[in-house]
1. Among G262, G297, G158, whose mean-square fluctuation peaks in a Gaussian network model of the chain (Cα, cutoff 10 Å)?
2. With viscosity set to 0.890 mPa s at 25 °C, what whole-number translational diffusion coefficient in µm²/s follows for the range 157-254 from Stokes-Einstein and a Kirkwood radius over Cα pairs?
3. Can you tell me the relative contact order of the range 1-143? Whole percent, Cα pairs under 8 Å, sequence separation 6 or more.
4. Using label points projected 7 Å from each Cα along Cα→Cβ, tell me how many nm separate R259 and A205, to one decimal.
5. Percent relative contact order of the chain, based on C-alpha pairs within less than 8 angstrom and at least six residues apart?
6. In vacuum, with every alpha carbon of the chain counted as one equal point scatterer, what does the Debye formula give for log10 I(q)/I(0) at q = 0.07, 0.09, 0.12, 0.13 Å⁻¹? Two decimals, please.
7. Regarding the range 49-103, what are the three Cα extents along the principal axes, ordered largest first, in Å?
8. Regarding the range 101-211, what whole-number volume in Å³ per residue does the convex hull of its Cα atoms give?
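Computed from the coordinates by the stated procedures, all read-outs in this text should not be read as laboratory data. Owing to the predicted nature of the structure, the values given are computational and were not obtained by experimental measurement. Cβ placement follows ideal geometry from the backbone for every residue including glycine, while neighbour counts extend to all protein chains displayed.
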Amino acid sequence: MNNVFRGGHVLSLCQYQRSDLEMLFARADELAAMDRLCLNSRLTGRIMVTAFYQRSTRTRLAHESAIARLGGQTIGFVDPEITRAADFARESLDDVARMLVGYGDVLVLRHGERGVPARVAAWSAIPVINAGDGAGEHPTQAMVDLYTMRLRFGRLDGLRVLLMGDMRMRTANSLLLGLSLFDCQVSFVAPPEMQPHPDVLAYLAGVGVTPVRAPRTRDVLSEVDVLYVQPVVQPDTVTTPQAPPPTPPDYLVDLRLLRTYGHDRLLVLHPLPRHDELCQDVDDTEHNGYWTAATNGVLVRMALLDLMLGD
Ligand code: NCD
């Protein structure tokens, strides 16, 4: 089967066919079954370069863990403040990227501005992974989310997925595009000013998918397999020094909501970090899929790097 990941950039879920993601998930399953010694020789000598112009916890560390488990190494920076971009030189990202592509075999790039990874990929001699570009996309997160759903239910086809919260987030964009490759029923609950991006809706319409706008989570929860929670209140310490307002009740998920309106097998996912929209009383229940997803973040990136860089 054709491996589109080999040497290719990972910029958007639009790039892939269903069979590509199936190949990725199958590789993740294979790697999960291998012992550490076998894994450790798969990417020996490969170097992953990380350039994080925006903060990250899971995405960066999961990529780093993934390449380390496969025997490769990481160099990079976690904050542009420690580079010449932050001093009087004000070195541009484009100049920095020109060097980084000579320092490793794959570049993992996160930036606050949409389209920056694609801009670098347009000339880069090594593959670029979009680790989140502003309100654009977060393709590897969607791969992790889809893999986690598949692991729980044994399939993606037929799943009923409800996304709630701010649908303008890059995680929502990528997940909506990824779900459209499978035969899923997709709906969302979002405030009027946080509706899905028109470009995403147009793309989905082009492939014959129309996500259903649902009134309130509680009204549809009994007919949902996966609840994908996202915040509607995002604390921004730079622009708002005071504590953020609490999340409105219609966008809060707690155990009472799940037990009252959902069914026993309902899987709750959240890209994290969470604020108050996902109550901690869900953590120790069978509904919690977000810790598993965070752990799967390593395995899915292992599979991706293995397909991209492996022999
Ligand atoms: C994202 C993050 O931390 O930036 N979460 C994640 O990568 N797991 C959420 C986001 O893209 O805003």
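1. G158
2. Result for D is 173 µm²/s.
3. Once divided by the residue count of the range 1-143, the mean separation gives 28 percent.
4. Going by the 7 Å Cα→Cβ label model, 4.4 nm.
5. 21 percent
6. Log10 I(q)/I(0), no solvent term: -0.27, -0.45, -0.81, -0.95.
7. 38, 24, 13
8. Hull volume normalised by residue count: 113 Å³.
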